[in-house]
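I have placed the structure first, in the form of structure tokens, so that the comments after it can refer back to it.
The values are calculated or read from the model by the stated rules, or taken from the named source; none is laboratory data. This is a predicted model, so every value here is computed, not measured. Heads up, the Cβs are rebuilt from the backbone with ideal geometry, glycines too, and the neighbour counts pull from every protein chain shown.
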Amino acid sequence: MVGVFVLFMSYIGFMVSKALHTSVDLISPDYYQQELAYQQRMESVVRTAALPAAVAITHEAAVSQLYLQLPPSFAGKRLEGQIHFFRPSDLKLDFTLPLQPSSDLAQRLSTQKMARGFWRIRMDFTADGQAYFAEKDLTI
């Protein structure tokens, strides 16, 4: 009976130790401030969904590239924005790049140095002062 009790207490001690050493990362350090901007984000999502053509985010595995294509309705507009790469399993791998589409409204990015696995790609951008937002989950 004492052996069962010792085994049980050892198991509880192990589980407490494991729980204390498990990293719990928020999506971003300013998560709560970002929640305040939720309504603006929803307006951007609705505006993006109303576009005549969708914002395309595709992974071309054969050439290790990510291909971003903005709709033709953005031609001639001033575009500014960022592309955020989130790795939910490891906050340290997250990074951000500027949105710099070519004249055909496309942007290619290499995925060779990115860790293999699940990524969430988010594009925050403005076109002539109007905010837009696109998001895609990909496995690289």
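In the range 1-99, which helices (runs of 4 or more DSSP H) lie fully inside it and hold 3 or more residues that are free of Cβ contacts under 8 Å to residues at least 40 places away in the same chain and surrounded by 10 or more Cβ atoms within 10 Å (Cβ to Cβ)? Explain how you work it out, then say what you get.
Numbers: elements: 2-20, 31-36, 38-49.
Filter on the range 1-99 gives 2-20, 38-49.
Could you say which residue among Ala115, Ala62 is of a type in the set (Gly, Ala, Ser) and in contact with a Leu (Cβ under 6 Å, 6 or more places away or on another chain)? Steps first, answer last, please.
Details: Ala62 fails: in contact with a Leu (Cβ under 6 Å, 6 or more places away or on another chain).
One residue alone meets the criteria, Ala115.
Do we find a residue being within 17 Å of the chain's Cα centre (by Cα), at pLDDT 90 or above and more than 18 Å from Phe133 (Cα to Cα) anywhere in the range 56-71?
yes
Of all residues in the range 30-67, which are over 19 Å from Asp137 (Cβ atoms), touching a helix residue (DSSP H, G or I) at 6+ places or on another chain (Cβ under 9 Å) and of a type in the set (A, V, I, L, M)?
Leu51, Ala53
Select from the range 116-128 the residues that are assigned to a loop (DSSP other than H, G, I, E, B) and within 14 Å of the chain's Cα centre (by Cα) and list them in ascending order. Don't jump to the end; show me each part of the working.
First pass over the range 116-128, keeping only residues assigned to a loop (DSSP other than H, G, I, E, B): 116-117, 128.
Once the filter is applied, which keeps residues that are assigned to a loop (DSSP other than H, G, I, E, B) and within 14 Å of the chain's Cα centre (by Cα), the range 116-128 yields only Gly117.
Does Arg108 satisfy the criteria of being more than 13 Å from the chain's Cα centre (by Cα), over 17 Å from Glu135 (Cβ atoms) and exposed (fewer than 12 other Cβ atoms within 10 Å of the Cβ)? Step through it out loud before you land on a result.
Values: more than 13 Å from the chain's Cα centre (by Cα): yes; over 17 Å from Glu135 (Cβ atoms): yes; exposed (fewer than 12 other Cβ atoms within 10 Å of the Cβ): no.
Here the answer is no, as Arg108 does not meet what is asked.
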